[in-house]
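Presented below is the structure to which this report refers.
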Amino acid sequence: MKSKLSFADVSFSYGEKPIVQHFSLQIGQGEFVSLIGPSGVGKSTLFQLATGLLAPTAGTISLNGEKERTLLGKVGYMPQKDLLMPWRTVAENAALPLEIKGVDKHASTERVMELLPAFGLKGWEHAYPDQLSGGMRQRVSLLRAVLAGNDLLLLDEPFSALDGITRMEMQEWLLGVCERLGTTIMLITHDIDEAILLADRVLVLAQTPLTQAIEVPILLPRPRRGEHRYDPAFLALREEIWRILQERRAQSGEKGRWQAQ
Ligand SMILES: Nc1ncnc2c1ncn2[C@@H]1O[C@H](COP(=O)(O)OP(=O)(O)OP(=O)(O)O)[C@@H](O)[C@H]1O
Ligand SMILES: [Mg+2]
């Protein structure tokens with residue numbers, strides 16, 4: 001499989017505190033990879049390294065097999081905290097990456113309007129972020145990442161503020177996107193079921209500093225549907241991931257609370 005994103009022997013610290021240490025990882029073109037792990041373990045830090053917002057202190061991050069001078073702007077990124085601009089409407093926020101790319105206003109508005117219904121935002125194009133619920137803001141932020149048009153999407157807990165039903169609808173929508181367009185997707189989640197349902201591989205990040213991810217291949221057939229949650233194979237995977245998280249926590253003597261949802 002062609003490599004889309006790779007970390008080779010990457011290290012990163014916040015001051016004296018090492019977060020990532022000699023960490024290597026390969027993500028193949030078109031792969032869907034979920035990242036799961038306790039709060040504070042370093043998941044968002046990995047994404048910030050992959051988007052070029054943070055620079056590794058050692059090691060190399062490559063995109064499409066090539067070391068980039070800067071990764072900024074080359075990756076579709078939905079940050080954990082939505083960074084919507086309060087003075088821009090829903091449509092204007094969503095269109096931002098198209099604007100930056102120089103797409104003309106008419107064409108970019110058309111693209112945005114086309115996708116609004118799938119994101120449950122139809123009729124909200126003229127609203128401002130402070131008029132939206134947390135879940136709606138999250139969906140605008142996801143729409144913006146998707147419209148960045150990059151074939152690598154990094155989604156940091158994209159569905160955490162959604163109610164259960166909307167969450168399942170958005171998961172199915174995302175499954176459709178990656179199956180139709182072959183987009184490479186990395187998704188951080190605290191939800192074991194979500195991690196399994198969407199992914200070709202789940203990477204469990206259990207301890208800081210991150211030295212390696214524990215890989216769990218998800219060999220469930222595609223196309224995936226929500227009903228896969230009830231397969232015995234799915235339940236076995238859930239059990240396995242849960243066990244890895246528990247074991248690692250016991251080994252590290254960590255007292256932090258692991259939240260299962
Ligand atoms: N700007 C910063 N300065 C100093 N330390 C930071 C900074 N951002 C994060 N950290 C620390 O780095 C570690 C990893 O943080 P990170 O945000 O990557 O965790 P996470 O796995 O995404 O957690 P969560 O699931 O809660 O989002 C944490 O211990 C955090 O306190
Ligand atoms: Mg995080």
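Run the reach check for residue 74 against lysines, Cα to Cα strictly under 26 Å, same-chain hits fewer than 8 apart removed. What comes back?
Here the lysines satisfying the reach criterion relative to residue 74 are 2, 4, 43, 101, 105.
Once you have all Cα-Cα distances for the chain, histogram them in 10 Å bins from zero and send the whole-percent values.
7, 30, 36, 23, 5, 0
Given N residues in the stretch 1-131, what is Rg(Cα) / (2.2 N^0.38 Å)? Don't jump to the answer; show the numbers that get you there.
Working: Rg = 17.7 Å, N = 131, 2.2 N^0.38 = 14.0 Å.
After normalising by residue count via 2.2 N^0.38 Å, the value is 1.27.
Let me have the 222 nm mean residue ellipticity of the chain computed from DSSP H runs of 4+ only, each contributing -39500 (n - 2.57), with the sum over all residues rounded to the nearest 500. All intermediate terms of the calculation are to be shown ahead of the outcome.
Numbers: 8 runs with 89 residues, N = 261.
For the chain, the value works out to -10500 deg cm²/dmol.
Remind me, relative contact order of the stretch 12-58 in percent, using alpha carbon pairs under 8 angstrom and six or more residues apart?
Normalised by residue count, the contact order of the stretch 12-58 is 39 percent.
Quick one: order 112, 146 from most to least accessible surface, probe 1.4 Å.
The ordering from most to least exposed comes out as 146, 112.
Could you list the GluC sites (Glu not before Pro) in the stretch 56-145 that lie in coil according to DSSP, counting only those with at most 14 other Cβ atoms within 10 Å of their Cβ?
Values: sites: 66, 68, 92, 99, 110, 114, 125; in loops: 68, 125.
Those satisfying the criteria are 68.
If you line up the long axis of helix 164-181 against the longest principal axis of the chain, both from Cα atoms, how many degrees apart are they, to the nearest 10?
90 degrees
Taking only C-alpha pairs under 8 Å that are 6+ residues apart, what is the relative contact order of the chain in percent?
Numbers: 465 pairs, mean separation 65.6, N = 261.
Answer for the chain is 25 percent.
Chymotrypsin sites (Phe, Trp or Tyr not before Pro) within the stretch 11-93: which are DSSP loop residues with at most 10 other Cβ atoms inside 10 Å?
On the way: sites: 12, 14, 23, 32, 47, 77, 87; in loops: 87.
Passing both the DSSP loop test and the Cβ count: 87.
Could you list the square roots of 5 times each eigenvalue of the Cα gyration tensor of the stretch 7-62, that is, the equivalent ellipsoid semi-axes, sorted largest first and rounded to whole Å?
Details: eigenvalues 68, 41, 19 Å².
Its equivalent ellipsoid spans semi-axes of 18, 14, 10 Å.
Based on DSSP loop calls and a cut-off of at most 13 other Cβ atoms within 10 Å, the longest stretch of the chain free of exposed trypsin sites (Lys or Arg not before Pro) is what? Write down the numbers at each step before the final one.
Numbers: sites that count: 2, 69, 81, 101, 122, 225, 255, 257.
The answer is 123-224.
7 Å from Cα along Cα→Cβ at both residue 17 and residue 212: what's the point-to-point distance in nm?
That separation, rounded to one decimal, is 2.6 nm.
Can you report the principal axis dimensions of the stretch 181-243 using only the alpha carbons, biggest first, rounded to whole angstrom?
36, 30, 18
Could you check how many percent of all C-alpha pairs in the stretch 84-177 are farther apart than 22 Å? Walk me through the numbers on the way to the answer.
Details: 968 of 4371 pairs.
Value for the stretch 84-177 (Cα pairs over 22 Å): 22 percent.
The values are calculated or read from the model by the stated rules, or taken from the named source; none is laboratory data. Keep in mind it's a predicted model, so treat the numbers as computed, not measured. Every residue, glycine as well, gets a Cβ built from its backbone with ideal geometry; the counts of neighbours run over all protein chains shown. For the accessible areas, the whole protein counts, side chains as well, though only heavy atoms, and no ligand, DNA or RNA atoms are used. Shrake-Rupley method; radii C 1.70, N 1.55, O 1.52, S 1.80 Å.
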